[in-house]
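Just below is one structure, and these are the notes that go with it.
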Amino acid sequence: MTDNKKPKTGSGRRAGISSKQLIIGLDYSEPGQAGELVDLLAPLGVSFKVGLELFLAGGPPLVKKLAGESRVFLDLKFHDIPNTVAAAVRSAASHGVWMLNVHAAGGRKMLTAAREAVEGLPHKPLLLAVTVLTSMDDREMAETGCPGSAADRVVRLAGLSRDCGLDGVVCSPLEVEPVKKNIKGSFITVTPGIRGPGEDPGDQSRIASPAQVIRAGGDYLVVGRPVTRAPDPLEAVRNILADMAIDRYGC
Ligand code: C5P
């Protein structure tokens with residue numbers, strides 16, 4: 001679905017911030033539960049993310065259905081040899097998704113093949129590179145043979161992704177500022193690891209609040225459990241939008 005076909009409601013914005021910048025992770029093993037959350041939240045104009053759990057439950061038909069109704073980020077984090085990733089990217093794009101991702105650690109040839117796979121498509125999805133998972137801290141990075149800070153590695157992988165023609169990166173809220181400072185032009189950041197003050201981080205390590213991400217210049221925020229596990233998901237999303245300073249939306 002192209003952007004101009006998206007729901008007209010939910011276009012509330014202040015200072016250039018829009019509710020579509022909030023991406024709700026539909027992390028469910030039951031497609032029915034995901035559908036109920038979409039029905040509840042779509043009128044607010046938010047976007048949605050399908051990750052591994054829901055994809056393995058509902059498969060491409062579910063992705064196509066959701067992508068026909070809303071903006072869908074297909075978060076399957078492809079990481080394989082260039083030929084395989086290019087084929088997977090082409091297949092994912094054919095489902096009409098708005099955004100999809102590959103791992104930056106796949107390297108220059110893989111990133112270039114992924115970008116070439118979407119080039120020239122009539123409805124080209126945004127192609128993002130996952131940098132360092134938001135669950136990882138510096139100690140865990142060192143264990144995998146990557147000494148140094150997450151921020152340095154994220155900036156390095158963002159530069160590589162930019163060189164290969166990708167549209168942006170998935171990084172933690174803590175790396176938005178360094179990415180924006182080092183990578184010039186229209187290069188977007190998508191940030192999971194969103195938690196309000198006092199909220200349970202779960203398995204996430206590098207976290208910040210919605211307001212902090214917006215202040216840092218972040219483009220898109222991904223929120224899962226703070227919404228899916230909230231007693232009142234609608235109220236939880238309204239609070240996040242308020243923290244992002246989006247005080248008006250269609251509902
Ligand atoms: O529940 P929570 O808000 O932590 O969910 C974050 C979502 O973002 C999950 O669906 C997770 O798979 C995804 N994600 C992430 N870190 C990345 C990329 C995606 O947490 N680097």
Condition set closer than 28 Å to residue 29 by Cβ and open to solvent by less than 30 Å² (accessible area, probe 1.4 Å), scope segment 189-207, selection farthest from the ligand (Cβ to nearest atom): answer is 196
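Could you tell me which of the residues 152, 219, 232 is at pLDDT 95 or above and within 17 Å of residue 135 (Cα to Cα)? Write out each step before concluding.
Working: 219 fails: within 17 Å of residue 135 (Cα to Cα); 232 fails: within 17 Å of residue 135 (Cα to Cα).
Of the residues listed, the single one that is at pLDDT 95 or above and within 17 Å of residue 135 (Cα to Cα) is 152.
Mind counting the residues in segment 97-140 that are open to solvent by 50 Å² or more (accessible area, probe 1.4 Å) and either part of a loop (DSSP other than H, G, I, E, B) or among the hydroxyl-bearing types (Ser, Thr, Tyr) (or both)? So that I can check it myself, show each step before the final result.
So in segment 97-140, the residues open to solvent by 50 Å² or more (accessible area, probe 1.4 Å) come out as 105, 108-109, 115-116, 119-124, 133, 137-140.
If we keep only those that are either part of a loop (DSSP other than H, G, I, E, B) or among the hydroxyl-bearing types (Ser, Thr, Tyr) (or both) as well, we get 119-124, 133, 137.
Number satisfying all stated conditions: 8.
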Taking first residues from segment 128-155 that are of a type in the set (Asp, Glu) and second residues anywhere that are more than 13 Å from the ligand (Cβ to nearest atom), the pairs with Cβ under 8 Å that are 6 or more apart or on different chains are 138/148; 138/149
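For segment 2-60: of the residues being on the phi > 0 side of the Ramachandran plot and surrounded by fewer than 17 Cβ atoms within 10 Å (Cβ to Cβ), which is modelled with the highest pLDDT? Show your work before the answer.
Kept after step one, since they are on the phi > 0 side of the Ramachandran plot, are these residues of segment 2-60: 10, 15-16, 45, 59.
Among the residues that remain, those that are also surrounded by fewer than 17 Cβ atoms within 10 Å (Cβ to Cβ) are: 15-16, 59.
Values: 15: 57, 16: 80, 59: 98.
Within segment 2-60, the match that is modelled with the highest pLDDT is 59.
From the set of residues in segment 185-203 that are of a type outside the set (Ser, Thr, Tyr) and out of contact with any helix residue (DSSP H, G or I) (no Cβ under 9 Å at 6 or more places or on another chain), which is nearest to residue 77 (Cα to Cα)? If you could, list the steps in order and put the result at the bottom.
Going through segment 185-203, the residues of a type outside the set (Ser, Thr, Tyr) turn out to be 185, 187-188, 190, 192-203.
Checking which are out of contact with any helix residue (DSSP H, G or I) (no Cβ under 9 Å at 6 or more places or on another chain) leaves us with 188, 190, 197-198, 201, 203.
On the way: 188: 17, 190: 13, 197: 28, 198: 29, 201: 22, 203: 18 Å.
Restricting to residues being of a type outside the set (Ser, Thr, Tyr) and out of contact with any helix residue (DSSP H, G or I) (no Cβ under 9 Å at 6 or more places or on another chain), the top hit is 190.
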Contact list, first residue from segment 49-77 and without any contact (Cβ under 8 Å) to a residue 60 or more places away in the chain, second anywhere and of a type in the set (Phe, Trp, Tyr), beta-carbon distance below 7 Å, six or more apart or interchain, is 53/28; 54/28; 63/55; 66/48; 72/48; 72/98; 76/55
Exercise. Test residue 229 against the stated conditions and say whether it is under 27 Å from residue 54 (Cα atoms), over 18 Å from the mean Cα position of the chain (by Cα) and of a type in the set (Lys, Arg).
Key: yes
All conditions in (1) in contact (Cβ under 8 Å) with a residue 60 or more places away in the chain; (2) away from the ligand (no atom under 11 Å from the Cβ); (3) β-branched (Val, Ile, Thr) are true of residue 169 except (2)
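Across segment 141-162, which residue is least open to solvent (accessible area, probe 1.4 Å) among those that are over 19 Å from residue 110 (Cβ atoms) and within 19 Å of the chain's Cα centre (by Cα)? Break it down into steps so the answer makes sense when it comes.
We begin by selecting, within segment 141-162, every residue over 19 Å from residue 110 (Cβ atoms); these are 141-143, 147-152, 155.
Next cut, within 19 Å of the chain's Cα centre (by Cα) only: 150-151, 155.
Values: 150: 4, 151: 33, 155: 33 Å².
Top of the filtered list is 150.
The values are calculated or read from the model by the stated rules, or taken from the named source; none is laboratory data. These figures come from a predicted structure and were not determined experimentally. Positions of Cβ are backbone-derived with ideal geometry, glycine not excepted, and every protein chain shown enters the neighbour counts. For the accessible areas, the whole protein counts, side chains as well, though only heavy atoms, and no ligand, DNA or RNA atoms are used. Shrake-Rupley method; radii C 1.70, N 1.55, O 1.52, S 1.80 Å.
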